[in-house]
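Okay, here's the structure, questions in a sec.
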Amino acid sequence: MKAFWENFVGLLRGDASSDRVVPPSGFTFNLTAFSAGIMAFLAVFAMAFSLASGRLADRWGNELARSSTIRISAPADQMAAQTKAVMDVLATTSGIAFARELTAEEQQSLLEPFFGPDVPVGDLPIPQLIDVIEDDTGFDATGLRQRLAAEAPAAVLDDHTRWRRPLVRAASRLRSLGMLSFVLIGAALAAMVTLAATAALSANFQVIKVLRLVGARDVFIAGAFVRRFSLRAVMGAFAGTFVGMGVLALMPSTQGAGEFLTNLGFVGAEWLWPLLIPVLSGAVGYVATRMAALRMLRRLH
């Protein structure tokens, strides 16, 4: 690892004599910069998608873990008594920070996406819902169910465990998918740089042959190509990264629209993470070009 970083620092410092070995222009160098820019642009979105999915998983896990619902299904003449009995039970249950009955307007808003805005809540046998928020210590769900069964038989406790876990698991898998996409983008960049470096070496076969005749070692020849391609990869990645960050910064906020994607982008110090993409692109370009160059030079013997 130490030797790798020493070589990498030497790559950035450069060598005037080795720089003159490789022609200063060519489609392979432009292809490297273009490919690195596109891959960096996609990597920014893959990183943003992964971080947004992580925030989504954390939010669902934290908020839903503390939220429960009690559903009371009783005849109209017994609904008030059952509701009062449930509220009395909740008032004497440890671990509950807050509990309140949902109003008819709130229950209508819950049904509106399914039945439209003109749902006659008062004329339908809709259960009474009670929103329960637990404190940091939490409550005993089994014990609460037993008390409700004894004092309010029409009440059913739903602590959201049954459907909370699949949501959190899905969001966590989305985060893993974002990280996998990031890795695949790096692999695609390595493949493109390898192809470009191999093509450049083949196109400059006569130059390499002359250099060998005058005593140049393969490490010296490979270093010239490695520096040129790695720097093109870094420059292209810088351009693609900043374009991607600009696009994310200009995206409209999802606040007030459900925040399903929790604002796809970066929050706070997360804006520093994309700055690693050009560095990683340079490292990928360095490794891929060096391996391709040394392998190709051995074949040209």
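Relative to the present Cα-Cα distance, how much length would full extension add between Arg217 and Ser94 at 0.36 nm per residue of separation? All intermediate terms of the calculation are to be shown ahead of the outcome.
On the way: separation 123, 0.36 × 123 = 44.28 nm, distance 7.80 nm.
Between Arg217 and Ser94, full extension yields 36.5 nm more.
At a 10 Å Cβ-Cβ cut-off, how would you order Arg299, Arg228, Arg71, Arg290, fewest neighbours first? Walk me through the numbers on the way to the answer.
Working: Arg299 9, Arg228 26, Arg71 15, Arg290 21.
Arranged by neighbour count, lowest to highest, Arg299, Arg228, Arg71, Arg290 become Arg299, Arg71, Arg290, Arg228.
Also, quick follow-up: So for the pair Ala249, Ala149, with labels modelled 7 Å out along Cα→Cβ, what separation do we get in nm?
Taking the simple label geometry, Ala249 and Ala149 are separated by 6.0 nm.
Oh, and also: To two decimal places, what compactness ratio does region 74-153 give when its Cα radius of gyration is scaled by 2.2 N^0.38 Å?
Values: Rg = 14.4 Å, N = 80, 2.2 N^0.38 = 11.6 Å.
So region 74-153 has a normalised radius of gyration of 1.24.
In addition: Using the beta-carbon distance between Arg169 and Thr69 and R0 = 30 Å, what value does 1/(1 + (r/R0)^6) give for FRET efficiency, to the nearest 0.05? Mind showing how you got there, number by number?
Values: r = 21 Å, r/R0 = 0.69.
For Arg169 and Thr69, the calculated efficiency is 0.90.
I've got another one for you. Just want to confirm a number: the relative contact order over region 74-153, from Cα pairs under 8 angstrom separated by 6+ residues, in percent.
On the way: 68 pairs, mean separation 35.1, N = 80.
It rounds to 44 percent for region 74-153.
How far apart, in nm, are the 7 Å Cα→Cβ label points at Glu270 and Ala187?
Calculated label separation equals 2.6 nm.
Output ³J(HN,Hα) for region 94-106: one whole-Hz value per residue in order, computed from phi by the Karplus curve 6.51 cos²θ - 1.76 cosθ + 1.60 with θ = phi - 60°, and x for Gly and Pro.
The phi angles translate into 6, x, 9, 8, 7, 8, 8, 7, 6, 6, 4, 5, 5 Hz.
What nm value, rounded to one decimal, do you get for the distance between Ser176 and Gln78 when each label is placed 7 Å out toward the C-beta?
Taking the two extended label points, one gets 4.7 nm.
Would you order Met87, Met251 from fewest to most other beta-carbon atoms within 10 Å of each residue's own beta-carbon?
Numbers: Met87 15, Met251 12.
Taking fewest neighbouring Cβ atoms as first place, the list is Met251, Met87.
Based only on other Cβ atoms within 10 Å, what is the fewest-to-most ordering of Asp218, Asp159? Before the final figure, lay out the partial values.
On the way: Asp218 17, Asp159 20.
In increasing order of surrounding Cβ atoms, one gets Asp218, Asp159.
The numbers here are math on the coordinates, done by the rules we state, and not lab data. Note that the coordinates shown come from a computational prediction; the quantities given were computed from them, not determined experimentally. Counting neighbours? That spans all protein chains shown, and the Cβs are built from the backbone with ideal geometry, glycine included.
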